[in-house]
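J.: Starting off with a structure, shown below.
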Amino acid sequence: MNRANTVIITLAVLAAVAAAFWLLLAAPALTGNEINMPVGVTAQSAIHYELHMVILKICVVIGVLVFGAMFTSIVLHRKSRGHRPAEFSHNTSAEIVWTIIPVLILISMAIPATTALVKMEDASGADLTIKVTGFQWKWKYEYLDEEVAFISALSADSNAARQLRSGIDPATVDNYLLDVDHPLVLPVGKKVRFLITADDVIHAWWVPDFGWKRDAIPGFVNEAWTLIEQPGTYRGQCAELCGKDHGFMPIVVEALPEPEFQAWLAAQKTRSQAEAQTVASEWTTDRLLERGRAVYATHCATCHQEDGGGLAPAFPALAGSPVSTGPLQENIRVVLEGREGTAMQAFGDLLSATDIAAALTYTRNAFGNDTGDVVQPRTIAETTQH
Ligand SMILES: [Cu+2]
């Protein structure tokens, strides 16, 4: 092979590398599939994307230069062509050059990276603050200063399909394991600050389209922020690995234009005020049982099972349980305070007085537990105030 052929081959390899890179960038337009990192929908994810592209381009240029030089010397200066290796062992000017150039490259990468980091951490000047608390296995969202708070748990469809031998094909469930009963609703174009913590074990709040993920750690409050630029529904998951149901506590964010968001918020406030009033009123047994069945399905059935039969050995049956059929005060205490050191959490922090009263009334009368006890929401409200 003559020299001209070798040069042509080397150039062809370099051209192929460069073409592959541009194809990577053009892929979404050509195939509809994203190979590159997605851009996301927030001010912050745009910062990440720009930084990623700057660094990627620098890396590609370095890669082409280094591999180009390597392949050229391997091919053109190989032994079979009669080349002999040089025998010097030090070259001060070469050493200075190959130290200074990488240092300059690293500095030129550190500047945009640090700028991006500083912007990512700056949660000041937020229009709205949301406190996010991770529980086993659901999220609680509190709109601070707005007196709006709710629990967001896996949607009933997904929950039914995921049960062992449910007989339901997950492929038939819309957004299987990525749907919740009450999504977090946020305004578009507003800076939203998050205070993220957990009540029991470590969780992690992650919506990929937002471009960040934060650990939710008991006893710590982590800060984060977002500014969503496009209305839409964004889905994420608890990204914690260690624990049986982190994969079943998804996150759904509905981003609404400001006026629609305000309307939603007003409706929520009216609802929670109405709820506060009904706590004081006398509830009929049927109403409590009906509500209790729903609360039980969402908040208790994962462990104690739909039929109250429990899941031996870890989760006791409530059907015939000495607590669910024994003295009422003890049952109230177990549900409000939980059982320290077990998966039985303190529901007093998690559910409203009405929900707890309904769940107690239901579990003391369902599954053959015919105690006939009716627990009024006001009884629970009085207990928790002390
Ligand atoms: Cu989790």
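The values are calculated or read from the model by the stated rules, or taken from the named source; none is laboratory data. Worth saying up front: this structure is predicted, and the values here are computed from it rather than measured. Heads up, the Cβs are rebuilt from the backbone with ideal geometry, glycines too, and the neighbour counts pull from every protein chain shown.
Let's see how each residue does on (1) over 27 Å from Gly125 (Cβ atoms); (2) touching a helix residue (DSSP H, G or I) at 6+ places or on another chain (Cβ under 8 Å):
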residue	(1), (2)
Pro170	yes, yes
Asp174	yes, yes
Val180	yes, no
Val185	no, yes
Gly189	no, yes
Leu195	no, no
Asp209	no, yes
Asp215	no, no
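J.: Only residues that are farther than 19 Å from Val132 by Cα and of a type in the set (Asp, Glu): list them for the range 236-269, please.
T.: Glu258, Glu260
A quick yes/no check of all residues on (1) away from the ligand (no atom under 15 Å from the Cβ); (2) more than 18 Å from Arg193 (Cβ to Cβ):
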{"site": "Ile217", "(1), (2)": "no, no"}
{"site": "Glu223", "(1), (2)": "yes, no"}
{"site": "Leu227", "(1), (2)": "yes, no"}
{"site": "Pro231", "(1), (2)": "yes, yes"}
{"site": "Gln237", "(1), (2)": "no, yes"}
{"site": "Cys242", "(1), (2)": "no, yes"}
{"site": "Gly247", "(1), (2)": "no, yes"}
{"site": "Ala255", "(1), (2)": "yes, no"}
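J.: Of the residues Asp370, Asp349, Asp355, which single one is of a type in the set (D, E, K, R) and crowded, with 19+ Cβ neighbours inside 10 Å?
T.: Working: Asp370 fails: crowded, with 19+ Cβ neighbours inside 10 Å; Asp349 fails: crowded, with 19+ Cβ neighbours inside 10 Å.
Every option except Asp355 fails the conditions.
J.: Are there strands (runs of 3 or more DSSP E) fully within the range 173-291 with at least 3 residues that are within 16 Å of the chain's Cα centre (by Cα) and not β-branched (Val, Ile, Thr)? List them.
T.: Numbers: elements: 184-187, 191-198, 203-207, 212-216, 222-227, 232-238, 251-256.
Correct list: 191-198, 203-207, 212-216, 222-227, 232-238.
J.: How many residues does the range 132-158 hold that are away from the ligand (no atom under 16 Å from the Cβ) and either touching a Cys at 6+ places or on another chain (Cβ under 7 Å) or assigned to a strand (DSSP E or B) (or both)?
T.: 5
J.: Continuing with this model, one more query. Determine, yes or no, whether Asp209 is in contact with a strand residue (DSSP E or B) (Cβ under 6 Å, 6 or more places away or on another chain), within 16 Å of the ligand (Cβ to nearest atom), at pLDDT below 95 and under 19 Å from Glu240 (Cα atoms).
T.: Details: in contact with a strand residue (DSSP E or B) (Cβ under 6 Å, 6 or more places away or on another chain): yes; within 16 Å of the ligand (Cβ to nearest atom): no; at pLDDT below 95: yes; under 19 Å from Glu240 (Cα atoms): yes.
No: the conditions fail for Asp209.
J.: Mind checking whether some residue in the range 240-253 is under 25 Å from Tyr143 (Cα atoms), β-branched (Val, Ile, Thr) and not assigned by TED's automatic domain parsing to the domain that holds Ile196?
T.: No - not one qualifying residue is present in the range 240-253.
J.: Tally time: how many residues in the range 205-235 are small (Gly, Ala, Ser) and under 16 Å from Lys131 (Cβ atoms)? It would help to see each step written out before you state the result.
T.: Here is the first cut: in the range 205-235, the ones small (Gly, Ala, Ser) are 211, 216, 219, 224, 232.
Those still in the list that are under 16 Å from Lys131 (Cβ atoms) too: 216, 219, 224.
Matching residues across the range 205-235 total 3.
J.: Additional query: Only residues that are of a type in the set (Gly, Ala, Ser) and surrounded by fewer than 14 Cβ atoms within 10 Å (Cβ to Cβ): list them for the range 238-288, please.
T.: Looking only at the range 238-288, we keep the residues that are of a type in the set (Gly, Ala, Ser), and these are 239, 243, 247, 255, 263, 266-267, 272, 274, 276, 280-281.
Ala263, Ala266, Ala267, Ala274, Ala280, Ser281 - these are the residues of the range 238-288 that are of a type in the set (Gly, Ala, Ser) and surrounded by fewer than 14 Cβ atoms within 10 Å (Cβ to Cβ).
J.: Considering only the range 330-348, how many residues are out of contact with any helix residue (DSSP H, G or I) (no Cβ under 9 Å at 6 or more places or on another chain) and either among the polar types (S, T, N, Q) or touching a residue at least 40 places away in the same chain (Cβ under 8 Å) (or both)? I'd like the intermediate steps shown before the answer.
T.: Our first condition is that a residue be out of contact with any helix residue (DSSP H, G or I) (no Cβ under 9 Å at 6 or more places or on another chain); within the range 330-348, this holds for 339-342, 345.
Checking which are either among the polar types (S, T, N, Q) or touching a residue at least 40 places away in the same chain (Cβ under 8 Å) (or both) leaves us with 342, 345.
Result for the range 330-348: 2.
J.: Moving to a separate point now. If I go through the range 341-381 residue by residue, how many of them are at positive phi and not in a loop (DSSP other than H, G, I, E, B)? Please lay out each step first, then the result.
T.: If we filter the range 341-381 for residues that are at positive phi, which is where we start, we get 341, 367-368, 372.
In the following step, the residues that additionally are not in a loop (DSSP other than H, G, I, E, B) were identified as none.
Qualifying residue count, the range 341-381: 0.
J.: Within the range 80-105, which residues are surrounded by 10 or more Cβ atoms within 10 Å (Cβ to Cβ) and either assigned to a loop (DSSP other than H, G, I, E, B) or charged (D, E, K, R) (or both)?
T.: Correct list: Arg81, His83, Asn91, Glu95.
J.: If the requirement is being within 23 Å of Thr384 (Cβ to Cβ) and surrounded by fewer than 20 Cβ atoms within 10 Å (Cβ to Cβ), which of these qualifies: Arg364, Arg291? Don't jump to the end; show me each part of the working.
T.: Details: Arg364 fails: surrounded by fewer than 20 Cβ atoms within 10 Å (Cβ to Cβ).
Every option except Arg291 fails the conditions.
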